Amino acid sequence: MDVEGKNNVPSVIAAAHELKSPLSLIRQLSLILEDESLTADQRSVSINRIYLTTQKALRLTSDLTRAYNLNDPTLFPLSPINPLQVCNDLLYDMKPYIEAKGKSVAFYSPTKIPLVISNADLLGRILSNFLDNAINYTFDNEKMQLNLKVYKKENKVRFGLRDFGPAIKASYFEDIKNGMTKNAEAVHARPASSGLGIYISSQFAEIINSKIGVIRHRNGATFYVDVPISSQLKLFEI
Amino acid sequence: MADKILLVEDDQWFAETIAESLKVAGYEIKISPHAVAAIIDIDDFNPNIIIMDLLLTGSTAFSLMNELQSHEDLSTIPIIICSNLSAQLNLDDLKPYGAKALLDKATMTPKDIIYEIKNLKNE
């Protein structure tokens, strides 16, 4: 299932709903800090959660800003990029959040992988949206998977993020696109989210000549982005 | 004997924050992260009250509330809805599903939840 993003600004309602969630949580965590009976450990956990949730909200606001500027592709230049580096950077940046949520990620990659032509910032944001999504929807005791696969005939590298949670509807992307152009009824998208992160990712993908899609499984989903292999530096396969 | 409250909430950190406040207030709490777990936990835990978010991983609270309403013994368990969508909802529309109170996550405090719980006890 592939999707091609349209350069439309996501609905304000969808953005407001997505931001309300982390802000409500930050507020509740802050209220807890007023409790004088908290132990030092409990206080430390709450403060860490406030910090990580704030970072998540800031990632979203940054994504929204970039989505608004997608009309000017010169802001997002393409260059040869090492897929392994992109994945390692992602896992390093998100490690505190993943661990705080009690989750884990396994990373699978071929030994040799070609460079891809992309924009490191937008590609990283697509993957961090996938990872945020996977963290939300992977049940406890399950390990998420970040996979790199090379499709030489199709001249692409696929970055896939597998979550192990509830199945998604076949009309998932259609529901998200429809939801973004109206006052989104969030219950019609994958529950607990308006799908804004995935929608923005589809817009980012279009700007960097990539495609996102989802593979449905009975016990979850694999969200992926297909990125073209760089033809300029084929001699320098990693 | 402490009241038993089932908290159906898929945001783990939000659930733990609210649960901690309710435990300090003397309630016995069980957290269900999704609707399927909630159905099982209702049978095992026998809550007096259910506090529920509307948007849950896997299915919405409406499907869970419909399920509860279809069982005579479960349909009498009062439900407090606690959601970021509360400002868009009307409690009267939710009453047929067993909802007795509606709280907005963005503005509520733990004391508001305790107030609603005590209100239910007085009914």
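Each Cα pair under 8 Å and six or more residues apart adds its sequence gap; the mean of these over the residue count of segment A:1-102 is a relative contact order of 31 percent. Close amide H pairs (under 5 Å, H built 1.01 Å from N) link A:L115 with A:S230, A:I238, residues at least 5 positions away or on another chain. With the alpha-carbon atoms of chain B aligned to their principal axes, the span from lowest to highest coordinate is 33, 33, 30 Å, starting with the largest.
Taking each of A:K101/A:K152; A:K20/A:K149; A:K143/B:K95; A:K103/B:K30; A:K95/B:K95; A:K56/B:K111 in turn, the alpha-carbon distance tops 31 angstrom for A:K101/A:K152; A:K20/A:K149; A:K143/B:K95; A:K95/B:K95. For the protein assembly as shown, the mean residue ellipticity at 222 nm estimated from helices alone is -14000 deg cm²/dmol, where every DSSP H run of n ≥ 4 contributes -39500 (n - 2.57) and the total is divided by all residues, rounded to the nearest 500. Between A:N209 and A:R43, 0.36 nm times their residue separation minus their Cα-Cα distance comes to what? Gain in length upon complete extension: 55.2 nm.
Only Cα pairs under 8 Å and 6+ residues apart enter the sum, and on that basis the relative contact order of chain B stands at 22 percent. For B:L56, the residues whose modelled amide H falls within less than 5 Å of its own, excluding neighbours fewer than 5 places apart on the same chain, are A:A192, B:A61. The three principal axes of the Cα atoms in the protein assembly as shown give end-to-end lengths of 76, 43, 35 Å, sorted in falling order.
Along the axis of the charge dipole computed for segment A:1-136 (Cβ charges of +1 for Lys and Arg, -1 for Asp and Glu, origin at the Cα centre), the listed residues A:Y51, A:A16, A:L70 are led at the positive end by A:L70. For segment A:27-121, GluC sites (Glu not before Pro) meeting the loop criterion (DSSP other than H, G, I, E, B) and having at most 11 other Cβ atoms within 10 Å: A:E34, A:E36.
No lab work stands behind these numbers, since they all come straight from the coordinates. Computed from a predicted model, the values in this text were never measured in an experiment. So basically every Cβ, Gly included, is an ideal-geometry build from the backbone, and we count neighbours across all protein chains shown.
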